[in-house]
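J.: For reference, the structure I am asking about is given below.
The values are calculated or read from the model by the stated rules, or taken from the named source; none is laboratory data. No experiment lies behind these values; they were computed from the predicted model shown. Here the Cβ is made from the backbone with ideal geometry for all residues, glycine too, and neighbour counts use every protein chain on show.
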Amino acid sequence: MSGALLPRFPFQRSGFAPPAEYAVFRDRAPVTRVRMADGAAAWLVTSHDLVRQVLSDPRFSTNPLTPGYPAVTLGRVDLLKAEVPQTFIRLDPPKHTEVRRMFTREFTFARVNEMKPRIEAVVGRLLDAIEQRGAPADFFGDFAVPFPTTVTSGFLGIPEADHLFFQERSRTRVALDLGPDAPIEAARQMRARIEAILIARLAATEDRADLIGRMLADYVVPGTMTLDEAAATLELFMMAGHETTANMLTLGLLSLLIDPRGLGALAEGESAVRNAVEEMLRYHSIVQYNGLRAALEDADIGGVAIRKGDGVIALINAANRDPAMFPDPDRFDPTRDATGHLGFSYGPHQCLGQGLARLEMRVAFAELARRMPRMRLAVGVDELVFRYGSLVHGVDRLPIAW
Ligand code: HEM
(Lines give C-alpha, C1' and ligand atoms only; values in the text may rest on other atoms or scores of the structure.)
Protein backbone atom coordinates (compact mmCIF):
# COMPACT_ATOMS: atom_id res chain seq x y z
CA MET A 1 0.00 0.00 0.00
CA SER A 2 1.57 3.33 -1.02
CA GLY A 3 1.19 6.35 1.23
CA ALA A 4 2.79 9.18 -0.76
CA LEU A 5 -0.02 11.72 -0.16
CA LEU A 6 -0.73 10.86 3.46
CA PRO A 7 0.39 12.89 6.52
CA ARG A 8 3.88 11.82 7.56
CA PHE A 9 4.22 10.11 10.98
CA PRO A 10 5.71 10.93 13.52
CA PHE A 11 4.50 14.49 14.06
CA GLN A 12 6.31 17.29 15.87
CA ARG A 13 5.47 17.74 19.55
CA SER A 14 6.03 20.81 21.68
CA GLY A 15 7.09 20.66 25.34
CA PHE A 16 4.63 18.62 27.38
CA ALA A 17 2.03 18.61 24.65
CA PRO A 18 1.63 15.62 22.35
CA PRO A 19 1.49 16.54 18.64
CA ALA A 20 -1.62 18.62 17.87
CA GLU A 21 -2.54 16.17 15.08
CA TYR A 22 -3.55 13.48 17.60
CA ALA A 23 -6.54 15.48 18.89
CA VAL A 24 -7.59 16.47 15.36
CA PHE A 25 -7.51 12.86 14.14
CA ARG A 26 -9.24 11.54 17.28
CA ASP A 27 -12.06 13.99 16.69
CA ARG A 28 -12.47 13.34 12.98
CA ALA A 29 -11.26 9.80 12.40
CA PRO A 30 -9.72 7.89 15.33
CA VAL A 31 -8.42 5.28 12.87
CA THR A 32 -6.66 7.23 10.17
CA ARG A 33 -3.99 6.56 7.56
CA VAL A 34 -0.50 8.03 7.85
CA ARG A 35 2.77 7.61 5.95
CA MET A 36 5.73 5.95 7.62
CA ALA A 37 9.49 6.54 7.17
CA ASP A 38 9.73 3.85 4.46
CA GLY A 39 6.86 5.41 2.50
CA ALA A 40 4.35 2.70 3.44
CA ALA A 41 0.94 3.59 4.86
CA ALA A 42 -0.12 2.60 8.39
CA TRP A 43 -3.24 3.11 10.52
CA LEU A 44 -2.91 5.54 13.41
CA VAL A 45 -5.32 4.84 16.28
CA THR A 46 -5.90 7.73 18.70
CA SER A 47 -9.02 7.14 20.85
CA HIS A 48 -8.88 5.44 24.25
CA ASP A 49 -11.41 2.70 23.46
CA LEU A 50 -9.89 1.76 20.09
CA VAL A 51 -6.28 1.85 21.34
CA ARG A 52 -7.30 -0.63 24.05
CA GLN A 53 -9.11 -2.74 21.48
CA VAL A 54 -6.04 -3.02 19.23
CA LEU A 55 -3.62 -3.66 22.10
CA SER A 56 -5.68 -6.57 23.40
CA ASP A 57 -6.46 -8.15 20.00
CA PRO A 58 -4.24 -11.15 19.10
CA ARG A 59 -4.78 -10.47 15.37
CA PHE A 60 -2.21 -7.67 15.72
CA SER A 61 1.40 -8.82 15.93
CA THR A 62 4.10 -6.97 17.86
CA ASN A 63 6.92 -8.77 16.06
CA PRO A 64 8.96 -6.43 13.81
CA LEU A 65 9.54 -9.32 11.39
CA THR A 66 5.80 -9.48 10.59
CA PRO A 67 5.11 -7.95 7.14
CA GLY A 68 3.60 -4.47 7.50
CA TYR A 69 5.25 -3.61 10.84
CA PRO A 70 5.35 0.23 10.88
CA ALA A 71 8.75 1.96 10.47
CA VAL A 72 8.91 5.03 12.78
CA THR A 73 12.41 5.59 11.36
CA LEU A 74 14.37 3.38 8.96
CA GLY A 75 17.09 2.87 11.57
CA ARG A 76 14.64 1.73 14.24
CA VAL A 77 13.36 -1.13 12.08
CA ASP A 78 16.93 -2.21 11.28
CA LEU A 79 17.72 -2.20 14.99
CA LEU A 80 14.69 -4.31 15.91
CA LYS A 81 15.28 -6.79 13.08
CA ALA A 82 18.95 -7.14 14.07
CA GLU A 83 18.02 -8.34 17.57
CA VAL A 84 18.39 -12.09 17.68
CA PRO A 85 16.71 -13.55 19.63
CA GLN A 86 13.99 -10.92 20.04
CA THR A 87 13.25 -9.74 23.58
CA PHE A 88 9.80 -10.92 24.71
CA ILE A 89 8.23 -7.45 24.30
CA ARG A 90 8.44 -8.17 20.55
CA LEU A 91 7.15 -11.74 20.63
CA ASP A 92 3.57 -12.89 19.99
CA PRO A 93 1.74 -15.67 21.83
CA PRO A 94 2.32 -18.51 22.52
CA LYS A 95 6.07 -17.78 22.88
CA HIS A 96 5.44 -14.39 24.52
CA THR A 97 3.08 -15.92 27.09
CA GLU A 98 5.55 -18.69 27.85
CA VAL A 99 8.54 -16.38 28.46
CA ARG A 100 6.60 -13.66 30.30
CA ARG A 101 5.09 -16.26 32.63
CA MET A 102 8.58 -17.38 33.69
CA PHE A 103 9.18 -13.91 35.19
CA THR A 104 5.80 -12.84 36.62
CA ARG A 105 6.87 -14.25 40.01
CA GLU A 106 9.64 -11.62 40.10
CA PHE A 107 7.13 -8.75 39.89
CA THR A 108 4.31 -9.82 42.24
CA PHE A 109 2.96 -7.28 44.74
CA ALA A 110 4.65 -9.10 47.62
CA ARG A 111 7.99 -9.36 45.82
CA VAL A 112 8.01 -5.69 44.86
CA ASN A 113 7.03 -4.64 48.39
CA GLU A 114 10.01 -6.52 49.80
CA MET A 115 12.17 -4.06 47.84
CA LYS A 116 10.68 -1.03 49.63
CA PRO A 117 13.37 -0.64 52.33
CA ARG A 118 16.09 -0.79 49.69
CA ILE A 119 14.26 1.72 47.49
CA GLU A 120 13.89 4.07 50.47
CA ALA A 121 17.58 3.69 51.28
CA VAL A 122 18.64 4.57 47.71
CA VAL A 123 16.34 7.63 47.69
CA GLY A 124 17.73 8.73 51.07
CA ARG A 125 21.34 8.34 49.95
CA LEU A 126 20.88 10.29 46.73
CA LEU A 127 18.99 13.12 48.45
CA ASP A 128 21.65 13.31 51.21
CA ALA A 129 24.31 13.74 48.53
CA ILE A 130 22.26 16.43 46.75
CA GLU A 131 21.72 18.34 50.00
CA GLN A 132 25.40 18.10 50.92
CA ARG A 133 26.50 19.50 47.56
CA GLY A 134 23.93 22.32 47.87
CA ALA A 135 21.65 24.01 45.35
CA PRO A 136 21.32 24.04 42.44
CA ALA A 137 21.19 20.36 41.56
CA ASP A 138 20.29 18.68 38.29
CA PHE A 139 17.36 16.46 39.25
CA PHE A 140 17.66 14.36 36.10
CA GLY A 141 21.38 13.57 36.32
CA ASP A 142 21.78 13.63 40.11
CA PHE A 143 18.66 11.69 41.04
CA ALA A 144 16.29 10.48 38.33
CA VAL A 145 18.91 8.50 36.37
CA PRO A 146 20.96 6.92 39.20
CA PHE A 147 17.88 6.04 41.31
CA PRO A 148 16.12 3.49 39.03
CA THR A 149 19.48 2.28 37.69
CA THR A 150 20.64 1.42 41.20
CA VAL A 151 17.33 -0.21 42.16
CA THR A 152 16.88 -2.23 38.96
CA SER A 153 20.53 -3.24 38.69
CA GLY A 154 20.56 -4.46 42.30
CA PHE A 155 17.37 -6.46 41.76
CA LEU A 156 18.68 -7.97 38.51
CA GLY A 157 22.28 -8.50 39.68
CA ILE A 158 24.13 -6.10 37.35
CA PRO A 159 27.47 -5.08 38.91
CA GLU A 160 27.72 -1.44 40.01
CA ALA A 161 30.82 -0.90 37.88
CA ASP A 162 28.65 -1.44 34.77
CA HIS A 163 25.95 1.12 35.60
CA LEU A 164 27.38 3.96 33.54
CA PHE A 165 28.09 1.65 30.61
CA PHE A 166 24.43 0.57 30.47
CA GLN A 167 23.02 4.05 31.17
CA GLU A 168 24.88 5.52 28.21
CA ARG A 169 23.99 2.71 25.83
CA SER A 170 20.32 2.64 26.87
CA ARG A 171 20.07 6.34 26.00
CA THR A 172 21.69 5.85 22.59
CA ARG A 173 19.55 2.81 21.87
CA VAL A 174 16.25 4.73 22.18
CA ALA A 175 17.51 7.78 20.25
CA LEU A 176 15.78 8.39 16.92
CA ASP A 177 17.97 11.26 15.73
CA LEU A 178 21.39 9.57 15.54
CA GLY A 179 20.98 7.55 12.33
CA PRO A 180 20.82 3.76 12.37
CA ASP A 181 24.44 2.89 13.19
CA ALA A 182 24.85 4.29 16.72
CA PRO A 183 21.72 2.60 18.23
CA ILE A 184 22.60 -0.72 16.55
CA GLU A 185 26.16 -0.54 17.88
CA ALA A 186 24.90 0.42 21.38
CA ALA A 187 22.54 -2.57 21.32
CA ARG A 188 25.34 -4.90 20.18
CA GLN A 189 27.62 -3.71 22.98
CA MET A 190 24.86 -4.09 25.59
CA ARG A 191 24.06 -7.63 24.50
CA ALA A 192 27.78 -8.58 24.52
CA ARG A 193 28.33 -7.18 28.03
CA ILE A 194 25.19 -8.90 29.33
CA GLU A 195 26.34 -12.24 27.90
CA ALA A 196 29.72 -11.77 29.59
CA ILE A 197 27.98 -11.09 32.93
CA LEU A 198 25.82 -14.21 32.53
CA ILE A 199 28.77 -16.43 31.60
CA ALA A 200 30.74 -15.19 34.63
CA ARG A 201 27.75 -15.97 36.88
CA LEU A 202 27.33 -19.50 35.46
CA ALA A 203 30.27 -20.53 37.63
CA ALA A 204 28.22 -19.93 40.79
CA THR A 205 24.60 -20.82 40.06
CA GLU A 206 23.78 -21.59 43.69
CA ASP A 207 23.64 -17.81 44.25
CA ARG A 208 19.91 -17.08 43.87
CA ALA A 209 20.01 -13.67 45.57
CA ASP A 210 19.08 -11.75 42.42
CA LEU A 211 17.09 -12.28 39.21
CA ILE A 212 20.17 -13.32 37.20
CA GLY A 213 20.96 -16.03 39.77
CA ARG A 214 17.38 -17.36 39.78
CA MET A 215 17.12 -17.25 35.97
CA LEU A 216 20.35 -19.19 35.55
CA ALA A 217 19.52 -21.78 38.22
CA ASP A 218 15.86 -22.32 37.27
CA TYR A 219 15.86 -21.96 33.49
CA VAL A 220 19.31 -21.85 31.88
CA VAL A 221 21.02 -24.69 33.74
CA PRO A 222 18.01 -27.09 33.38
CA GLY A 223 17.84 -26.14 29.66
CA THR A 224 14.40 -24.43 29.50
CA MET A 225 16.06 -21.25 28.29
CA THR A 226 19.17 -20.74 26.17
CA LEU A 227 21.87 -18.32 27.26
CA ASP A 228 20.93 -16.10 24.28
CA GLU A 229 17.31 -15.95 25.41
CA ALA A 230 18.41 -15.17 28.96
CA ALA A 231 20.59 -12.31 27.65
CA ALA A 232 17.68 -10.92 25.58
CA THR A 233 15.38 -11.05 28.60
CA LEU A 234 17.87 -9.33 30.85
CA GLU A 235 18.41 -6.65 28.24
CA LEU A 236 14.66 -6.01 28.11
CA PHE A 237 14.46 -5.61 31.90
CA MET A 238 17.37 -3.17 31.86
CA MET A 239 16.06 -1.11 28.96
CA ALA A 240 12.52 -1.07 30.31
CA GLY A 241 13.57 0.00 33.81
CA HIS A 242 16.17 2.73 33.08
CA GLU A 243 15.02 5.48 30.75
CA THR A 244 11.30 5.14 31.45
CA THR A 245 11.38 5.65 35.21
CA ALA A 246 14.09 8.36 34.99
CA ASN A 247 12.05 10.43 32.56
CA MET A 248 8.75 9.85 34.34
CA LEU A 249 10.29 11.13 37.59
CA THR A 250 11.77 14.17 35.86
CA LEU A 251 8.75 15.26 33.84
CA GLY A 252 6.50 14.39 36.80
CA LEU A 253 8.48 16.66 39.10
CA LEU A 254 8.62 19.41 36.48
CA SER A 255 4.84 19.41 36.10
CA LEU A 256 4.42 19.61 39.88
CA LEU A 257 6.90 22.50 40.13
CA ILE A 258 5.11 24.58 37.52
CA ASP A 259 1.73 23.82 39.10
CA PRO A 260 0.78 26.60 41.55
CA ARG A 261 0.43 23.99 44.31
CA GLY A 262 4.03 22.78 43.79
CA LEU A 263 5.27 19.83 45.79
CA GLY A 264 2.85 21.00 48.49
CA ALA A 265 0.11 19.20 46.50
CA LEU A 266 1.53 15.97 47.93
CA ALA A 267 1.47 17.11 51.56
CA GLU A 268 -1.91 15.50 52.21
CA GLY A 269 -0.27 12.10 52.48
CA GLU A 270 -0.16 8.74 50.78
CA SER A 271 -3.33 8.97 48.71
CA ALA A 272 -2.31 12.41 47.35
CA VAL A 273 1.03 10.93 46.26
CA ARG A 274 -0.68 7.94 44.63
CA ASN A 275 -3.09 10.18 42.71
CA ALA A 276 -0.33 12.51 41.55
CA VAL A 277 1.79 9.59 40.32
CA GLU A 278 -1.11 8.17 38.25
CA GLU A 279 -1.75 11.61 36.77
CA MET A 280 1.94 11.95 35.84
CA LEU A 281 1.77 8.58 34.07
CA ARG A 282 -1.37 9.64 32.19
CA TYR A 283 -0.37 13.18 31.35
CA HIS A 284 3.19 12.51 30.21
CA SER A 285 2.86 9.01 28.69
CA ILE A 286 6.57 9.23 27.97
CA VAL A 287 6.82 6.11 25.77
CA GLN A 288 6.13 8.02 22.56
CA TYR A 289 5.78 5.48 19.79
CA ASN A 290 4.65 2.28 21.44
CA GLY A 291 1.84 0.06 20.27
CA LEU A 292 3.40 -0.66 16.88
CA ARG A 293 1.59 -3.63 15.38
CA ALA A 294 1.07 -5.47 12.07
CA ALA A 295 -2.24 -7.13 11.19
CA LEU A 296 -1.99 -10.93 10.96
CA GLU A 297 -5.58 -11.13 9.65
CA ASP A 298 -8.26 -8.79 8.32
CA ALA A 299 -9.93 -6.90 11.20
CA ASP A 300 -12.56 -4.22 11.74
CA ILE A 301 -11.49 -1.47 14.12
CA GLY A 302 -14.03 1.28 14.80
CA GLY A 303 -15.76 0.55 11.48
CA VAL A 304 -12.50 0.73 9.48
CA ALA A 305 -11.49 -2.35 7.50
CA ILE A 306 -7.87 -3.20 8.28
CA ARG A 307 -6.26 -5.77 5.98
CA LYS A 308 -3.81 -8.51 6.75
CA GLY A 309 -0.30 -7.03 6.36
CA ASP A 310 -1.34 -3.45 7.29
CA GLY A 311 0.70 -1.58 9.89
CA VAL A 312 -1.15 -0.19 12.93
CA ILE A 313 0.02 2.26 15.62
CA ALA A 314 -2.11 2.20 18.77
CA LEU A 315 -0.83 5.28 20.57
CA ILE A 316 -1.15 5.27 24.33
CA ASN A 317 -0.17 8.92 24.61
CA ALA A 318 -3.04 9.90 22.32
CA ALA A 319 -5.43 7.61 24.24
CA ASN A 320 -4.40 9.21 27.53
CA ARG A 321 -5.51 12.65 26.28
CA ASP A 322 -8.92 11.43 25.09
CA PRO A 323 -11.59 13.81 26.52
CA ALA A 324 -14.17 11.01 26.38
CA MET A 325 -12.17 9.27 29.11
CA PHE A 326 -10.44 12.16 30.95
CA PRO A 327 -12.31 15.49 31.14
CA ASP A 328 -10.11 18.49 30.25
CA PRO A 329 -7.33 16.06 29.31
CA ASP A 330 -4.62 18.62 28.53
CA ARG A 331 -4.67 19.97 32.08
CA PHE A 332 -2.23 18.42 34.55
CA ASP A 333 -4.25 17.91 37.73
CA PRO A 334 -2.49 15.89 40.44
CA THR A 335 -5.78 15.52 42.32
CA ARG A 336 -7.79 14.00 39.46
CA ASP A 337 -8.72 10.34 39.31
CA ALA A 338 -6.57 9.10 36.40
CA THR A 339 -7.67 5.47 36.78
CA GLY A 340 -7.86 3.75 33.42
CA HIS A 341 -4.87 5.54 31.92
CA LEU A 342 -2.73 3.52 29.54
CA GLY A 343 0.68 4.84 30.64
CA PHE A 344 1.82 1.23 31.13
CA SER A 345 0.07 0.12 27.94
CA TYR A 346 -2.71 -2.49 27.88
CA GLY A 347 -3.29 -6.13 26.99
CA PRO A 348 -0.72 -8.93 26.99
CA HIS A 349 2.29 -6.58 26.63
CA GLN A 350 1.20 -4.30 29.46
CA CYS A 351 4.26 -3.26 31.52
CA LEU A 352 5.47 -6.14 33.67
CA GLY A 353 7.42 -3.77 35.93
CA GLN A 354 4.54 -1.39 36.69
CA GLY A 355 4.35 -2.37 40.38
CA LEU A 356 8.04 -1.60 40.80
CA ALA A 357 7.82 1.64 38.78
CA ARG A 358 4.83 2.83 40.83
CA LEU A 359 6.58 2.04 44.11
CA GLU A 360 9.77 3.83 43.00
CA MET A 361 7.79 6.92 42.00
CA ARG A 362 5.66 6.95 45.17
CA VAL A 363 8.64 6.59 47.49
CA ALA A 364 10.63 9.26 45.62
CA PHE A 365 7.84 11.86 45.51
CA ALA A 366 6.78 11.31 49.14
CA GLU A 367 10.37 11.84 50.28
CA LEU A 368 10.95 14.85 48.00
CA ALA A 369 7.79 16.49 49.38
CA ARG A 370 8.85 15.74 52.97
CA ARG A 371 12.46 16.89 52.66
CA MET A 372 12.22 19.69 50.12
CA PRO A 373 8.66 21.08 50.28
CA ARG A 374 9.76 24.47 48.95
CA MET A 375 11.60 23.07 45.95
CA ARG A 376 11.52 25.27 42.83
CA LEU A 377 12.96 25.33 39.32
CA ALA A 378 16.41 26.95 39.26
CA VAL A 379 15.94 28.14 35.65
CA GLY A 380 13.03 29.50 33.63
CA VAL A 381 10.76 26.90 32.03
CA ASP A 382 11.65 28.32 28.61
CA GLU A 383 15.31 27.43 29.24
CA LEU A 384 14.54 23.71 29.51
CA VAL A 385 15.48 21.64 26.49
CA PHE A 386 12.97 18.93 25.66
CA ARG A 387 14.28 15.78 24.03
CA TYR A 388 12.21 15.26 20.89
CA GLY A 389 14.43 12.83 19.01
CA SER A 390 13.94 9.85 21.29
CA LEU A 391 11.44 7.06 21.84
CA VAL A 392 11.20 8.20 25.46
CA HIS A 393 10.15 11.81 26.07
CA GLY A 394 11.97 13.97 28.61
CA VAL A 395 14.40 16.79 29.34
CA ASP A 396 18.15 16.23 29.65
CA ARG A 397 18.60 18.57 32.64
CA LEU A 398 16.23 19.77 35.34
CA PRO A 399 17.99 22.37 37.53
CA ILE A 400 16.30 22.67 40.95
CA ALA A 401 16.80 24.62 44.17
CA TRP A 402 15.04 24.10 47.53
C1 HEM B 1 7.49 4.74 34.94
C2 HEM B 1 8.19 3.78 34.41
C3 HEM B 1 7.72 2.88 33.32
C4 HEM B 1 6.87 3.14 32.27
C5 HEM B 1 6.15 4.45 31.93
C6 HEM B 1 6.74 1.91 31.51
C7 HEM B 1 5.95 1.75 30.38
C8 HEM B 1 5.84 0.60 29.65
C9 HEM B 1 5.06 0.47 28.43
C10 HEM B 1 4.24 1.57 27.79
C11 HEM B 1 5.20 -0.80 27.98
C12 HEM B 1 4.57 -1.41 26.71
C13 HEM B 1 5.47 -1.10 25.56
C14 HEM B 1 4.94 -1.57 24.22
O15 HEM B 1 3.93 -2.27 24.13
O16 HEM B 1 5.58 -1.21 23.22
C17 HEM B 1 6.07 -1.50 28.92
C18 HEM B 1 6.43 -2.82 28.80
C19 HEM B 1 7.31 -3.44 29.68
N20 HEM B 1 7.89 -2.89 30.81
FE21 HEM B 1 7.62 -1.03 31.53
N22 HEM B 1 7.51 0.94 32.10
C23 HEM B 1 8.12 1.48 33.20
C24 HEM B 1 9.00 0.85 34.07
C25 HEM B 1 9.37 -0.47 34.00
C26 HEM B 1 10.22 -1.15 34.95
C27 HEM B 1 10.84 -0.52 36.20
C28 HEM B 1 10.36 -2.44 34.50
C29 HEM B 1 11.15 -3.59 35.09
C30 HEM B 1 12.33 -3.54 35.57
C31 HEM B 1 9.57 -2.58 33.28
C32 HEM B 1 9.44 -3.73 32.54
C33 HEM B 1 8.68 -3.85 31.39
C34 HEM B 1 8.62 -5.07 30.61
C35 HEM B 1 9.35 -6.38 30.89
C36 HEM B 1 7.77 -4.82 29.53
C37 HEM B 1 7.37 -5.78 28.41
C38 HEM B 1 6.14 -6.56 28.80
C39 HEM B 1 5.69 -7.53 27.72
O40 HEM B 1 5.91 -7.31 26.53
O41 HEM B 1 5.07 -8.54 28.10
N42 HEM B 1 8.98 -1.36 33.01
N43 HEM B 1 6.44 -0.62 29.91
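J.: Return the residues of segment 370-402 that are among the small types (Gly, Ala, Ser), at pLDDT 95 or above and closer than 14 Å to residue 249 by Cβ; say none if nothing qualifies.
T.: none
J.: Kindly indicate which of 90, 100, 76 is at pLDDT below 90, touching a Leu at 6+ places or on another chain (Cβ under 7 Å) and closer than 29 Å to residue 228 by Cβ. Lay out the reasoning, then the answer.
T.: On the way: 90 fails: at pLDDT below 90; 100 fails: at pLDDT below 90.
Matching residue, one of 90, 100, 76: 76.
J.: Checking the structure you have, find out if any residue of segment 76-94 is in contact with a helix residue (DSSP H, G or I) (Cβ under 8 Å, 6 or more places away or on another chain) and of a type in the set (Asp, Glu). Working first, answer last.
T.: First, the residues of segment 76-94 that are in contact with a helix residue (DSSP H, G or I) (Cβ under 8 Å, 6 or more places away or on another chain): 76, 78-80, 82-91, 93.
Subsequent filtering for residues that are of a type in the set (Asp, Glu) retains 78, 83.
Within segment 76-94, one or more residues are in contact with a helix residue (DSSP H, G or I) (Cβ under 8 Å, 6 or more places away or on another chain) and of a type in the set (Asp, Glu).
J.: Here's something else I'd like to know. Given the residues 367, 360, which is the only one that is in contact with a helix residue (DSSP H, G or I) (Cβ under 9 Å, 6 or more places away or on another chain), within 28 Å of residue 290 (Cβ to Cβ) and not in a strand (DSSP E or B)?
T.: Of the residues listed, the single one that is in contact with a helix residue (DSSP H, G or I) (Cβ under 9 Å, 6 or more places away or on another chain), within 28 Å of residue 290 (Cβ to Cβ) and not in a strand (DSSP E or B) is 360.
J.: Being among the basic types (Lys, Arg) and over 24 Å from residue 242 (Cα atoms) narrows it down to one residue among 362, 376, 358; which is it?
T.: Working: 362 fails: over 24 Å from residue 242 (Cα atoms); 358 fails: over 24 Å from residue 242 (Cα atoms).
Result of the check over 362, 376, 358: 376.
J.: Right, here's the next one. Of everything in segment 240-268, what is surrounded by fewer than 22 Cβ atoms within 10 Å (Cβ to Cβ) and either in contact (Cβ under 8 Å) with a residue 60 or more places away in the chain or among the polar types (S, T, N, Q) (or both)? Give them in sequence order. Give the derivation first.
T.: Going through segment 240-268, the residues surrounded by fewer than 22 Cβ atoms within 10 Å (Cβ to Cβ) turn out to be 240, 255, 257-262, 264-265, 267-268.
240, 255, 257, 258, 259, 261, 262, 264, 265, 267 - these are the residues of segment 240-268 that are surrounded by fewer than 22 Cβ atoms within 10 Å (Cβ to Cβ) and either in contact (Cβ under 8 Å) with a residue 60 or more places away in the chain or among the polar types (S, T, N, Q) (or both).
J.: Taking helices (runs of 4 or more DSSP H) that fall entirely within segment 129-236, which contain at least 1 residues that are surrounded by fewer than 19 Cβ atoms within 10 Å (Cβ to Cβ), of a type in the set (Ser, Thr, Tyr) and modelled with pLDDT under 90? Working first, answer last.
T.: Values: elements: 146-156, 163-173, 181-201, 211-215.
Per the criteria, 163-173.
J.: Conditions: (1) more than 13 Å from the ligand (Cβ to nearest atom); (2) within 26 Å of residue 171 (Cα to Cα); (3) β-branched (Val, Ile, Thr). Residue 245 meets all but one. Number of the miss?
T.: Residue 245 satisfies all of (1) more than 13 Å from the ligand (Cβ to nearest atom); (2) within 26 Å of residue 171 (Cα to Cα); (3) β-branched (Val, Ile, Thr) except (1).
J.: Also, quick follow-up: Which residues, counting only those in segment 325-341, are under 19 Å from residue 255 (Cα atoms), surrounded by 15 or more Cβ atoms within 10 Å (Cβ to Cβ) and not charged (D, E, K, R)?
T.: Answer for segment 325-341, where residues must be under 19 Å from residue 255 (Cα atoms), surrounded by 15 or more Cβ atoms within 10 Å (Cβ to Cβ) and not charged (D, E, K, R): 326, 329, 332, 334, 338, 341.
J.: Among strands (runs of 3 or more DSSP E) lying entirely in segment 252-353, which contain 3 or more residues that are within 16 Å of the ligand (Cβ to nearest atom), in contact with a Ser or Thr (Cβ under 6 Å, 6 or more places away or on another chain) and of a type in the set (Ser, Thr, Tyr)?
T.: On the way: elements: 292-295, 299-301, 304-306, 311-314.
The strands (runs of 3 or more DSSP E) meeting that bar number zero.
J.: Enumerate the helices (runs of 4 or more DSSP H) found wholly within segment 2-121, keeping only those where 3 or more residues are of a type in the set (D, E, K, R) and over 22 Å from the mean Cα position of the chain (by Cα).
T.: Working: elements: 20-28, 48-55, 74-82, 95-103, 109-114.
By residue number, 20-28.
J.: Which one of the conditions (1) over 29 Å from residue 225 (Cβ atoms); (2) hydrophobic (A, V, I, L, M, F, W, C); (3) surrounded by fewer than 18 Cβ atoms within 10 Å (Cβ to Cβ) does residue 84 fail to meet, given that it meets all the rest?
T.: Failing condition for residue 84: (1).
J.: Which ones in segment 192-242 are under 27 Å from residue 343 (Cα atoms) and more than 16 Å from the ligand (Cβ to nearest atom)?
T.: Those that are under 27 Å from residue 343 (Cα atoms) and more than 16 Å from the ligand (Cβ to nearest atom): none in segment 192-242.
J.: Can you report the number of residues in segment 89-104 which are near the ligand (Cβ under 8 Å from one of its atoms), touching a residue at least 60 places away in the same chain (Cβ under 8 Å) and among the hydrophobic types (A, V, I, L, M, F, W, C)?
T.: Adding up the residues that qualify gives 2.
J.: Pick from segment 116-132 the residues that are of a type outside the set (S, T, N, Q) and out of contact with any helix residue (DSSP H, G or I) (no Cβ under 8 Å at 6 or more places or on another chain): which of them is farthest from residue 144 (Cα to Cα)? Spell out how you get there, then give the answer.
T.: Of all residues in segment 116-132, those of a type outside the set (S, T, N, Q) come to 116-131.
Right, trim to out of contact with any helix residue (DSSP H, G or I) (no Cβ under 8 Å at 6 or more places or on another chain) and you get 117, 121, 125, 128.
Values: 117: 18, 121: 15, 125: 13, 128: 14 Å.
Once the filter is applied, the top-ranked residue is 117.
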